[in-house]
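Take a look at the structure below.
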Amino acid sequence: MKCEYCNGNLSLEDEYCPHCGKPNKHARKHIDDMRRFQGEFEDTKRYVRDKTIGYTEITVRVVILSILIVLILVFFAVGANAWEINREIKKKSAEKKFEEYSLVLDGYLEDGDYLEFNTFCETKGLYTYDSVYREKYGEIINACTWYAGAYEALFDFADFDEDDSVSYVTEMTGDALDFFYKYYLNENLFYTDREEEPEQYRRALDGMERNIELILSVYCGFTQEEAAAFPEMSKARRNILLEEKLEAKLQNEQ
């Protein structure tokens, strides 16, 4: 381009004419436009950068949250299956060791150690359904489960803490005993079709009942007559008697 004053050669970057020194008005406009465009470009760049950072943070949070959700779901899925897998492993192992374990179980029954019998069954995974142990020990395993619950409830009853509720402890103990007595009296709904009881099963049940009777009379304040009659009482009558004994125990301790 030409300088309008001296007709010398100019470029848009020349703010003044290099020949006559006069200001180049076209260069001034060009420079102002470039500065404005540069400013707008910087503003746009900052806006894009800020938005990108914001979107990146959101994206990272979403990704992290998604990973956590997946891990939680996997954890629960594995946890739900872990028990089943462990049960099957124990079951297969127990089936292979039927003769070995039978000797141990028979020893516990011979000694009348029904708590250890129950603990051994739980530890080794001896189940009453779909198992080689069902025919010989199935009913005894079930009865020992309820016996262990009644045994524990009775000693909680005997060690009653004043911070606990009398009605709650009475109800829990009464329920635990009721479950056991349904087996002892052949009232359990799962075995209503049982016509003849194997001698081993009946002998084990009688042994468990004698132990419970002894705990009632020695540790829970029952007379021998009350303890002996306890199985034949209704559940409501048992609970009333349990509550009376517990309240009497509290009065004696005051």
For this session: For the range 70-78, state whether one or more residues are at pLDDT below 85, aromatic (Phe, Trp, Tyr) and open to solvent by 50 Å² or more (accessible area, probe 1.4 Å).
Result: yes
Problem set entry | Those residues of the range 200-219 which are over 35 Å from the mean Cα position of the chain (by Cα), over 16 Å from Ala150 (Cβ atoms) and either open to solvent by less than 50 Å² (accessible area, probe 1.4 Å) or of a type in the set (Val, Ile, Thr) (or both), in sequence order | none
Problem set entry | Check on Thr173, within 28 Å of the chain's Cα centre (by Cα), modelled with pLDDT of 90 or more and of a type in the set (Ser, Thr, Tyr) | yes
Problem set entry | Residue in the range 243-254 that is modelled with the lowest pLDDT, counting only those that are touching a helix residue (DSSP H, G or I) at 6+ places or on another chain (Cβ under 8 Å) and open to solvent by 60 Å² or more (accessible area, probe 1.4 Å) | Glu247
Seminar exercise, completed: Within the range 220-242, residues open to solvent by less than 70 Å² (accessible area, probe 1.4 Å) and part of a helix (DSSP H, G or I) come out as Glu226, Ala227, Ala228, Ala229, Phe230, Pro231, Ala236, Arg238, Asn239, Leu241, Leu242
For this session: Could you check how many residues of the range 125-141 are surrounded by fewer than 17 Cβ atoms within 10 Å (Cβ to Cβ), assigned to a helix (DSSP H, G or I) and under 30 Å from the mean Cα position of the chain (by Cα)?
Result: 1
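The values are calculated or read from the model by the stated rules, or taken from the named source; none is laboratory data. All values reported here derive from a predicted model rather than from experimental measurement. Virtual Cβ from ideal backbone geometry, glycine too; neighbours counted across all protein chains shown. To get the accessible areas, we keep the full protein, side chains included, count just its heavy atoms, and leave off ligands, DNA and RNA. Shrake-Rupley method; radii C 1.70, N 1.55, O 1.52, S 1.80 Å.
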